[in-house]
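**Student:** Got a structure for you, written out below as structure tokens; questions coming shortly.
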Amino acid sequence: YSMPMDYLYLALLAAVLLGIVYVVRSLRALHIKVGKQADRLAAGIQKVTDQTRKSSLNDYRQLEAFVQLNSLLKFTAPIPATRGWAGSPDLLLTLAHVVKTSKPKLVVELGSGVSTVVMAKAGAKKVVSFDGSEEYARHTRNLLGAHGVQADVRVSKLAPFKSSNGWYDPKSFSDLKKIDLLVVDGPEGGEDSNGRYPALDVLLSKLSPKAIVILDDVKREGERRLAEDFAKALPNHSIDFLDHEKGTAVIRPK
């Protein structure tokens with residue numbers, strides 16, 4: 001009877017060993033799975049941390065730019081919120097600096113708002129700003145009045161034109177020539193990558209030889225392409241891309 005008992009013990013031992021092997025393999029698989037999840041969690045935490053750090057740094061830079069802008073222009077009345085659809089402080093500071101240093105006789109701006117006030121307060125002799133909305137144009141005129149400065153704010157209804165789904169009426173620009181500073185920050189654009197492209201077709205010939213062209217939102221593909229094409233069309237100019245919140249291109253004489 002001992003032989004059958006030995007077989008039984010061996011069978012039991014084999015079963016135990018198989019059980020141990022199964023448990024070890026299961027634990028190893030669980031360890032690997034938990035490790036991968038931990039790695040994904042760590043990567044997610046790192047991504048959030050990087051985004052938070054980047055956002056905080058950008059917020060600080062915008063605050064820093066606004067403090068400098070306020071010191072430079074000494075606002076005497078409230079201004080509406082910047083950033084979002086409105087110009088960011090880094091762009092506004094660049095506009096103020098360019099106006100103060102280049103002293104343009106004629107500024108043409110596509111898209112009115114805080115930027116209109118900034119350039120008028122910075123000393124531009126004449127600012128002509130175009131807006132596709134009567135409501136926004138009215139807000140800009142009221143803002144100009146509150147700050148005691150003047151600009152010619154024109155409403156030009158948006159309509160399909162060439163490659164754009166909605167651009168200003170080209171006839172609205174017929175009386176303008178020798179533009180010393182052109183600011184392209186409208187129409188709103190966004191989904192229409194060619195939304196602002198007619199600015200090149202309509203206004204290039206109206207620029208003075210020493211004109212400066214500033215384009216906002218060049219982190220978007222359409223606006224960056226427009227900036228590059230403007231620069232190509234002005235061989236005596238050079239282009240700089242500024243690392244602003246929305247991206248700014250400055251095209252100026254070499």
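**Student:** For a test of the definition: using alpha carbon positions, the gyration tensor, and the 1.5 limit on a/c, classify segment 145-254 as rounded, prolate or oblate.
**Tutor:** Here segment 145-254 falls in the rounded category.
**Student:** Across bins of 10 angstrom width beginning at 0, how are the C-alpha pair distances of segment 186-246 distributed, in whole percent?
**Tutor:** Answer for segment 186-246: a P(r) of 21, 56, 23, 0 percent.
**Student:** Taking just the C-alpha trace of the chain, give me its Rg and Dmax in Å.
**Tutor:** Computed over the Cα atoms of the chain, radius of gyration and Dmax are 30.8, 118 Å.
**Student:** Quick check: Cα centre of segment 44-73 to Cα centre of segment 123-165, how many Å?
**Tutor:** 29 Å
**Student:** Could you work out the relative contact order of the chain? I mean the mean sequence separation of Cα pairs under 8 Å and 6+ apart, divided by the number of residues, in percent.
**Tutor:** 12 percent
**Student:** Stretch Leu17-Leu242 to full length: gain in nm at 0.36 nm per residue minus the Cα-Cα span?
**Tutor:** Fully extending the segment from Leu17 to Leu242 adds 74.2 nm.
**Student:** Lys and Arg at +1, Asp and Glu at -1: add these up for the other residues within a Cβ distance under 11 Å of Glu134 and post the number.
**Tutor:** +2
**Student:** Further question on the same structure: Leaving out ligands, DNA and RNA, and with a 1.4 Å probe, what % of the accessible surface on the chain is carbon or sulfur?
**Tutor:** 58 percent
**Student:** To continue, here is another question. At 1.4 Å probe size, with no ligands or nucleic acids counted, give the accessible surface of Ser163 in Å², nearest ten.
**Tutor:** Surface accessible to solvent at Ser163 totals approximately 50 Å².
**Student:** Please find, in a Gaussian network model of the chain (springs between Cα atoms separated by less than 10 Å), the residue of Val108, Val218, Val24 whose mean-square fluctuation is greatest.
**Tutor:** Val24
**Student:** Quick one: grab the alpha carbon gyration tensor of segment 54-112, order the square roots of its eigenvalues as a ≥ b ≥ c, and give me rounded if a/c is under 1.5, else prolate or oblate depending on whether a/b is larger than b/c.
**Tutor:** Verdict is prolate for segment 54-112.
**Student:** Based on DSSP H assignment, which helices of the chain show an axial Cα extent of at least 15 Å together with a mean Kyte-Doolittle hydropathy greater than or equal to -0.5?
**Tutor:** Membrane-span-like by this rule: 2-73, 89-102.
**Student:** Roughly what % of DSSP beta bridges within segment 112-225 run antiparallel, to the nearest 5?
**Tutor:** Within segment 112-225, antiparallel bridges account for around 20 percent of the total.
**Student:** Here's another thing I want to ask about it. Dipole of the chain, Cα-centred, from +1 at each Lys and Arg C-beta and -1 at each Asp and Glu C-beta, to the nearest 20 debye?
**Tutor:** Magnitude of the dipole: close to 620 debye.
The values are calculated or read from the model by the stated rules, or taken from the named source; none is laboratory data. Here the structure is a predicted model, which is why all the values come from computation and not from measurement. Cβ sites come from the backbone with ideal geometry, for glycine too, and all protein chains shown count toward neighbours. Quick note on the areas: whole protein, heavy atoms, side chains included, nothing else; ligands and nucleic acids left out. Shrake-Rupley method; radii C 1.70, N 1.55, O 1.52, S 1.80 Å.
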